[in-house]
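First the structure, in the form of structure tokens, and then the observations on it.
Nothing in this text is a laboratory measurement; each read-out follows from the coordinates by a stated rule. In this text, all values refer to a predicted model and were calculated from it rather than measured experimentally. A quick note on method: Cβ atoms are made from the backbone with ideal geometry, for glycine too, and the neighbour counts reach across all protein chains shown.
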Amino acid sequence: MPPERDFYIVTCFNCTAEFEAVEAAWCSHDPQNPTKICPYCLQCFCEAPLEYVQKFWQDAPASLRQEHERFRSTRHPLGNLLVQSGLLTLEQVAIALAEQRRTNERLGEVFIRLGHLTAAELEYFLKLQDFRLPQPLRPDHVHREALNKLTPTFCLQNRIVPIALDTVGKRRFLVVATVHRIQPEVMEEVREQLLAHPVPFLCEEADVLRALRPFMMTSAPVETAATLDSAADARRWFTQLLKIATSRNATEIYIEPGPSEISVRLRIDGVLYKSQGLALSAGTALFDYIRQFARLSQAASGTPQNAVLDLKLQGQPYRLQFHVLPGTRGDHVDIRIIHTGRFLRPLESIGFLPEQWDRVQRSLARPQGFVIVSSPPMHGAITTGYAVLNYLRQAHRRVAIIETVVRYPLSGAIHLTMDPGKQQDIPALVREAQTRQVDVVYLEAMPGPETARAVLEAAAERLCIAEANANSVWGVLHWLRELAIDAPTTAERLSLILNQRLVRKVCDVCVREASIRPELWTRMGFRPEELAGLAVRVPQGCPTCHYIGYRDRIAVFEVLPWSPELAEAWVQRASIQRLREIAETQGFVSLRTACLQRVREGVTTLEEIQRWSIQ
């Protein structure tokens, strides 16, 4: 009789479906540490919480653990080492492998020719292919300088041990023993603190605990990343945080108490990165100082509060918008950072394609009508809206802005503030703006039908502009239809819809040219006609971009001028698909087409199109 097969029923961390793990397929993200793929949501658990991974292997049958161990004992593939260290993406390795098959070169030679590696770096990684962690891993194997900068607490919490810090040419690499695949925020912390790319090698959790235990005995308590014992400590720490955030062009700071520490994250080019955390015991001093710094009421500490503060940091003008929300563990603080010296950008330079810019100019030249500026949250509708206002102000048109707080003090504009909890007051503010004899009325939001009707009424005599949250111009039209406002009036007065997405720009210092194999990208959802004549620039990561590979963002747009044909179809309640077909016959350029043009120009990458699912 054949031997009995092991059964191992587990719950997927992603979709919570139950599946049989022994028979499930292995993923291919890390050939030396593959994980099982859920047959329902097709998600592996490479990104699962550490607790889930530990529990999975703790309860796994011996046959499954033995099969996994066979993967771990094989030679380290070169491409895998480069991907795990963050030097290359899986797509870049796939391109190089295809190029290798075409030219019969060695893979390392292809990496050098494509500009991914230098000869010295290739030699270093070839040696690492045969590297094995010391067994058993002991405290004397730990790299002390790297451990001190990362802190023993950080290493223990993330189950990593720094082993060796090597300089190869202009780049540094940290060999790391780790229990599981290193999470992106942990890799970012290593790059931030050591200016080095982490190169991970798998080990058992017992090895990590054995190697770090002596250092934990002499270091701060496990919960502590940093402590603040006084108001002076809080002031120094918060001042340093602001300097770090502004030097890295962060647009937002989040400070949130968690179960074991106060989490601090920075939003840089649309991506959240973890900064140094704080012990929970530091919360009282920190939050008291933030309230004092932002001139918030200490007496009202149990209620949400907002504040705006203008100041100079390192000689540059900034506006900080504080949003403080009390929680069970302490205050949740959101600080939005606006560099007021760079906030107002010339409208013609923020990312329109030439044919789009012509249409925008014609629509904004009209004395009346309704314009909508839209994007998903955090994708720049505010910046574009103010660029539109500045463009109109420079054309000597009087502007009124209706918003919850003054996000930017636009010279010569009338600022009318609204209470976000009293939507019924917004139509009154629209009418008040009209009594001021302005040419342009701008709304931060248009939350309901009553406001929409007031705006459309005003749009008969002046230009009205409103912001909206939407993924596309078609999402804006769907939203307008859901407002259930008068279709003929909307069709008559709608003038222009802008929708945008912010994509990261490649770092000009470390970017490299790469060839492209169309068959690889077509399997990833790109059509052959989209790839025709496409050259690819690949960011490498360097000190200038903090090893991210990208610096700053650029807007890509879709622009929909309202035409008589669209207006007629709108009144007849044509489907959104029918409206799109009409727009395309009139030369409409989609977000995806606009973004592909920026890839052709070498400004951004195909990965950014995938990352934001730009259609």
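Data for the structure
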quantity: Total charge dipole magnitude, segment 390-495, about the Cα centre, Cβ charges on Lys, Arg, Asp, Glu only, Debye to nearest 20; calculated: 320
quantity: Packing-based order for 197-209, 402-414, using average beta carbon neighbours within 10 Å, highest first; calculated: 197-209, 402-414
quantity: Dipole-positive endmost among Leu202, Pro214, Ala177 within segment 174-217 (Cβ charges, Cα centre); calculated: Pro214
quantity: 0 to 90° range, to nearest 10: angle between helix 449-458 axis and the chain longest Cα axis; calculated: 50
quantity: Within segment 547-613, trypsin sites (Lys or Arg not before Pro) in DSSP loop having at most 14 other beta-carbon neighbours inside 10 Å; calculated: Arg573
quantity: Sum of -39500 (n - 2.57) over DSSP H runs of 4+, divided by residues of the chain (222 nm, nearest 500); calculated: -11000 deg cm²/dmol
quantity: Cβ-based charge dipole, segment 232-362, positive-most Cα from Gly258, Trp237, Leu272; calculated: Trp237
quantity: 0 to 90° range, to nearest 10: angle between helix 50-59 axis and the chain longest Cα axis; calculated: 40
quantity: Cα-Cα over 24 Å, subset of Lys127/Lys149; Lys243/Lys274; Lys274/Lys505; Lys36/Lys149; Lys36/Lys274; Lys36/Lys127; calculated: Lys127/Lys149; Lys36/Lys149; Lys36/Lys274; Lys36/Lys127
quantity: Nearest-ten-degree value, helix 184-194 long axis tilted from longest Cα axis of the chain; calculated: 80
quantity: Cβ charges +1 (Lys, Arg) and -1 (Asp, Glu), total dipole of the chain, debye; calculated: 1400
quantity: Label selected from [x] 26.3; [y] 27.6; [z] 25.4, the criterion being Kirkwood radius over Cα pairs in Å as computed here; calculated: [y]
quantity: Residues Leu212, Leu128, sorted so that the one with the fewest Cβ neighbours within 10 Å comes first; calculated: Leu128, Leu212
quantity: Residues Arg537, Arg65, Arg113 arranged by fewest to most Cβ contacts within 10 Å; calculated: Arg65, Arg113, Arg537
quantity: Fewest-first sequence of Glu105, Glu607, Glu261 by Cβ atoms within 10 Å of each Cβ; calculated: Glu105, Glu607, Glu261
